[in-house]
1. In Å and whole numbers, how far do the C-alpha atoms of the stretch 1-158 stretch along each principal axis, longest first?
2. Add +1 for every Lys or Arg and -1 for every Asp or Glu among the other residues with Cβ under 11 Å from the Cβ of GLU195, and state the total.
3. To the nearest 20 debye, what charge dipole does the stretch 53-353 have about its Cα centre, counting +1 at the Cβ of each Lys and Arg and -1 at the Cβ of each Asp and Glu?
4. With an 8 Å cut-off on Cα pairs and a minimum separation of 6 or more residues, tell me the relative contact order of the stretch 53-353 in percent.
5. Taking only C-alpha pairs under 8 Å that are 6+ residues apart, what is the relative contact order of the stretch 170-314 in percent?
6. Measuring from centroid to centroid over Cα atoms, what is the spacing of the stretch 283-361 and the stretch 186-214 in Å?
7. What are the ³J(HN,Hα) couplings of the stretch 165-179, residue after residue, when phi is run through the Karplus curve with 6.51, -1.76, 1.60 and θ = phi - 60°? Round to Hz, x for glycine and proline.
8. Set Lys and Arg Cβ to +1 and Asp and Glu Cβ to -1, take the dipole of the stretch 53-353 about its Cα centre, and tell me which of PHE76, LEU168, GLN333 lies farthest positive.
Amino acid sequence: MEQTLKKTGLYEIYEKVLSETRLDPEDGIKLYSTDNLPALGHLANLVRERLNGNRAFYIYNQHINYSNVCINLCRFCAFGKGKGKAGAYEMTVDEIAEKIRERKDEPVTEVHIVGGIHPDLPYDYYLDMLKTVKAERPEIHIQAFTCVEIAHIAHIAGKSIDETLQDLTAAGLGSIPGGGAEVFSTRIREKLCPEKLSGSEWLEVAKTAHRAGIRSNATMLYGHIETVEERIEHMTALREAQDETGGFMCFIPLAFHPGNTNLDRVSPTGGVDDLKTIAISRLMLDNIRHIKAYWVMLGPKVAQIALSFGADDLDGTVMEEKITHMAGADTAQAMSREEIEHLIRQAGREPVERDTLYNII
Ligand code: V47
C-alpha cells in the first residue's frame, strides 16, 4: 500500500494520518481528486480503527415527521409543502402519542422527531409534543428539531435560543439531530434555500446548544450543485466549531436524492462519490468521533462498504422515514436488528447497539 500511496501522490497525507497531524483544506481537495478509491479507503480506515476499533454502531430508533408544512421550500426538498397545498399534513400531539404507543412493545431507545418550518404551530405544540412523548415512554431519548427548527421555535416563542433550549429540555428534549446544515456556502444557500437559516446561524444554534450541555449531530447534503471546495469548506467550518465546543457526536454525509424536487435533472450520487465523501469526512473531521453511513440514503449495500471507508455507524432501524422516500429513495422503510447486525458482520465488523449518546447497550 505504501508504494501505491507514493504513486498516487497521497504519501504526504498518509504521513500526516500516521502522525495524527490535522489535514489542511487543500489535502481534502486533493483527496477528492484521487481515482484510487482503495488507497483513500485505506487512509480513512486507519483513522476509523484508531477511533472506533472494529465496532460498528447502530441504534434501535423510530422516526416521526410531525408535519411537512414548510415556509422555506428548499429546492432540494421533496418533503416540504406549502400550507394548504396537496399532500401537506400536520400531526396532532395525540397522533404523535399514538405513533409512540404503536411501538411500545419494541425495544426502541430513541425517537427522532423533525418536521418542516411550520408558519403557525404555537410554541406550546412543540413543548406538549415532547412532554407527551415522555409521558408515553419516559425512558426514551428524544432527539428532535434541527437547528433550523430550534431557531424558528425560538422566533415563535419570542425567546432567545438559550431560553428556548431550556424550555425544550425541561419538556423532554435530549439532543438535536444534524439536519438543516445542507452546505454552509452562501452561494449554495442563495440558490437552493434562500429562506433558510444561514450557515453561520446554523453553527451558532449548534454551539449554543453545546454550551448548554446539549449534544448534537451535523450533516452535509452533497451531490447537487455544490463544488468539492464547498464541501471541504463545510467540513472545515464544522471542525472549527467542534474545536470550540466538542458537542458534535457524529457527522452524517447525506446523499442528495433528486426525485420530485426542483433539481430533478441532477443525477443521483454514485457509489464512488458516496464512499469518497464518507472517507474524506473521516479524514478531515479528526475531532468528531463518529461518521454515520445513513443506510436510508446510501442504500444498505453502499452503507455496508462504507464501514471499511471511515464510517463506524449505520444509524438504525428508523421506521417510517419520509424525507428521503418522498425524494424517490427505493430503500426500505425500516431494517430489523437482525438485518443490521447481518450487514455489519458480513463487513467483518462487530455490531454494537448504542443509545443516542453512544453509550453501549
Ligand atoms: O436537513 C432534504 C436532507 C435532512 C433531501 O442527526 C435530503 O442522526 C437527500 O438530517 N435528498 C434531514 N437529503 C435528515 C437528517 C438526518 C437523517 C438521519 C440521521 C440524522 C442524525 C439526521 O435531509 C435535511 C436535508 O439536509 N434532505 N431533502 C433530498 N432530496
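1. Projected onto its principal axes, the Cα set of the stretch 1-158 covers 62, 37, 30 Å.
2. Residues close to GLU195 contribute a combined charge of +2.
3. Magnitude of the dipole: close to 400 debye.
4. Across the stretch 53-353, relative contact order equals 22 percent.
5. Relative contact order comes out at 22 percent.
6. 25
7. Ordered by residue, 3J(HN,Hα) equals 5, 4, 5, 5, 5, 4, 7, x, 4, x, 7, 10, x, x, x Hz.
8. After comparing all options, I get PHE76.
Read-outs throughout are calculated quantities, based only on the coordinates presented, and are distinct from any laboratory measurement. Keep in mind it's a predicted model, so treat the numbers as computed, not measured. Cβ atoms come from the backbone with ideal geometry, glycine included; neighbour counts cover every protein chain shown.
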